[in-house]
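Worksheet for the structure shown next.
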Amino acid sequence: MELTPGSSGHRPRAPGRARLVAVATGPDDLTDARLRDLDAVADAVEIRADLAGDPDPGRLRKHFTGALTYSLRTQAHGGGHGRDTAERRTRLLRAADHYDTVELEWPDDLTQPELLAAVPAGRRRVAWHGVLADHRDTDCHTALRELFAALRAVPAALYLLAPRGAHGGYGVSAAPRLLAGLGREDVTAYTSGTAGVWTRVLAPWLGAPVVFGRASGPGPDGMPGMDQLVTDYGLPALSGLSGLFGIVGRDCGRSLAPRLYNAALRALGLPALYLPFPADDLAPLWREAVGFGDSSGLPVRGLTVTAPHKESALELADVASPTALRCGAANLMWPEDGRWRADTTDTVGALHALTRAGVRPAGLRAAVVGCGGAGRAAALALLTAGAEVTLVNRGHARGRDASRRIRVPYVPLSAFDPAGYGVLVHATPLVEPPPVSLATADPGAVVLEMAYRDPPTPLVEAARARGLLGIDGREVLLVEIREQFRMLTGHRVPSFVPLGALCGAPEASRRPSRPPVSRRAHSAVPRRGGGSHRHEVPDKTSGSPLGRRYAP
């Protein structure tokens, strides 16, 4: 099915608006100033009394004009309240006199006539937070439907089901499957834990009337921050939706990619949403996300992949580009003509970030620290651009393997000295402290950081402190986002979308002012990699847009 801007093949939720609930988990979330800030964006504030205590409801209402919800979650439901049932009942009864909504836990609270009488149906949120049996997704979905049948036996304004999911294991998609199949507007469901962040964000598009955001930023339970809901996903507005994109990584819940992708998707009016898919293992998450997408009418149309899953992405794909095969890793996957394809944009990201900063690698000695997927791609890009490349790695086995694959020398990290290199690329996850000292680096050396942080990483700050040109990883991110977006959607990011401002990319004025580093001209785009493989396809980074699923 070919999609055009503004079209939607998804049934569960028409364009509209979700209600934002800001969850307060500590006293700092309930200061007068914070409440006033929340009043501008949130429809309701939920007091997690098991974590934040019992604030004065009168004071809350002076500074917040929306609805107030009270939750005193027990340890059995993943909360902080102990086993004193009498004390808990007393606090819930007191809250019933002052709060618009009170959460009652299934099944224990629903067997107490006094609580049910004090909290009428129109003010109840009947909730279950628990662990589903470790079955495959179809069994988890069935178990969750049976649980909902039990919950709805008690009248309530809202039903909440929040199974706890393994980090990318089976069952994570059971909650969104439930929502997609119910077609009700008084139920919300999501998977708690870091693996379930995408299920929380997606819930309102599947029919959930509310979406929860932590008042003070992302939480350890996978709850996104209120600012993320608004800035990264465009909530509370709900546009038409007919497909999903996402980023897969071990820790991608705070990635800037959703903010940038979704801004571009909204600007073009494309009916798609880009979500974070945290996972310890790529294969189970990939199968579950694709299975959910196919069954719900929201197919997964492409994934960007971060460490440590880039090698797995290449293995899972049916077809791979020569560059990805030579690097032995891919950071991009998408379905086309019934097959999943893989490619890497790390080559373009590294090389274009250098050329945008005025650095011409041709003829320069370059050292790439890190022999994972990003490091191998950066080394290949520099090599094809005419640089003399050396790989550096802490682990000898991976370093030697990368050396054979890319056909460049390898030096163990313990023996590496940055002196004599014009370009130093850092491509490991070791941000603090950096694995390389710049004490002996040449005065004209350029440091390229593949990772990004805010503020910049200690390595970039150390480079700039020495007067070196330090290229922040966000510059690499911006290059890769533009290339990946084009490849996955068939559209370029509109020039009026301020990607740099959205991700806080450093301004050019923060870089040292000096002439470009160059010895001779070179092509800014790597040539096609070599190698033979029955799954080879022509490189997709050389200019031809892909994925015409969103062709205008």
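The values are calculated or read from the model by the stated rules, or taken from the named source; none is laboratory data. The structure presented is a predicted model; accordingly, all values stated were derived computationally and were not measured. Glycine also receives a Cβ, built like all others from the backbone with ideal geometry; neighbour counts cover every protein chain displayed. Ligands, DNA and RNA are excluded from the accessible area calculation, which covers all protein heavy atoms including side chains. Shrake-Rupley method; radii C 1.70, N 1.55, O 1.52, S 1.80 Å.
The table for this structure:
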read-out: Residue within the range 429-450 that is more than 24 Å from Arg400 (Cβ to Cβ), of a type outside the set (A, V, I, L, M) and surrounded by 20 or more Cβ atoms within 10 Å (Cβ to Cβ) present; value: yes
read-out: Residue count for the range 284-325, restricted to those that are surrounded by fewer than 22 Cβ atoms within 10 Å (Cβ to Cβ) and either of a type in the set (Asp, Glu) or assigned to a helix (DSSP H, G or I) (or both); value: 14
read-out: Within the range 375-404, tally of residues that are of a type outside the set (S, T, N, Q), open to solvent by 20 Å² or more (accessible area, probe 1.4 Å) and under 23 Å from Leu430 (Cα atoms); value: 7
read-out: Odd one out for Leu459, checked against (1) aliphatic (A, V, I, L, M); (2) in contact (Cβ under 8 Å) with a residue 60 or more places away in the chain; (3) in contact with an Asp or Glu (Cβ under 6 Å, 6 or more places away or on another chain); value: (2)
read-out: Qualifying residues in the range 339-385 (those that are within 23 Å of Leu438 (Cα to Cα) and part of a strand (DSSP E or B)) - the one farthest from the chain's Cα centre (by Cα); value: Arg365
read-out: Output for the range 405-426, where each listed residue is in a helix (DSSP H, G or I) and buried (at least 20 other Cβ atoms within 10 Å of the Cβ); value: Ile406
read-out: Residue within the range 257-270 that is assigned to a loop (DSSP other than H, G, I, E, B), in contact with a strand residue (DSSP E or B) (Cβ under 7 Å, 6 or more places away or on another chain) and open to solvent by less than 10 Å² (accessible area, probe 1.4 Å) present; value: no
read-out: Strands (runs of 3 or more DSSP E) lying entirely in the range 32-144 (those with 2 or more residues that are at pLDDT 95 or above and open to solvent by 20 Å² or more (accessible area, probe 1.4 Å)); value: 124-130
read-out: Matching residues, the range 181-194, being surrounded by fewer than 24 Cβ atoms within 10 Å (Cβ to Cβ) and either part of a strand (DSSP E or B) or over 17 Å from the mean Cα position of the chain (by Cα) (or both); value: Gly181, Leu182, Gly183, Arg184, Glu185, Asp186, Val187, Ser192
read-out: Count - residues of the range 52-75 that are within 14 Å of His129 (Cβ to Cβ) and in contact (Cβ under 8 Å) with a residue 12 or more places away in the chain; value: 4
read-out: Restricting the range 329-338 to residues that are in a loop (DSSP other than H, G, I, E, B) and modelled with pLDDT of 95 or more, the residue that is nearest to Gly375 (Cα to Cα); value: Ala329
read-out: Unique match (being crowded, with 22+ Cβ neighbours inside 10 Å and assigned to a loop (DSSP other than H, G, I, E, B)) among Val172, Val197; value: Val172
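Here is a yes/no grid of residues against (1) open to solvent by 40 Å² or more (accessible area, probe 1.4 Å); (2) of a type in the set (Asp, Glu); (3) at pLDDT 50 or above:
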position: His491; (1), (2), (3): no, no, yes
position: Ala505; (1), (2), (3): no, no, yes
position: Arg510; (1), (2), (3): yes, no, no
position: Pro526; (1), (2), (3): no, no, no
position: Thr541; (1), (2), (3): no, no, no
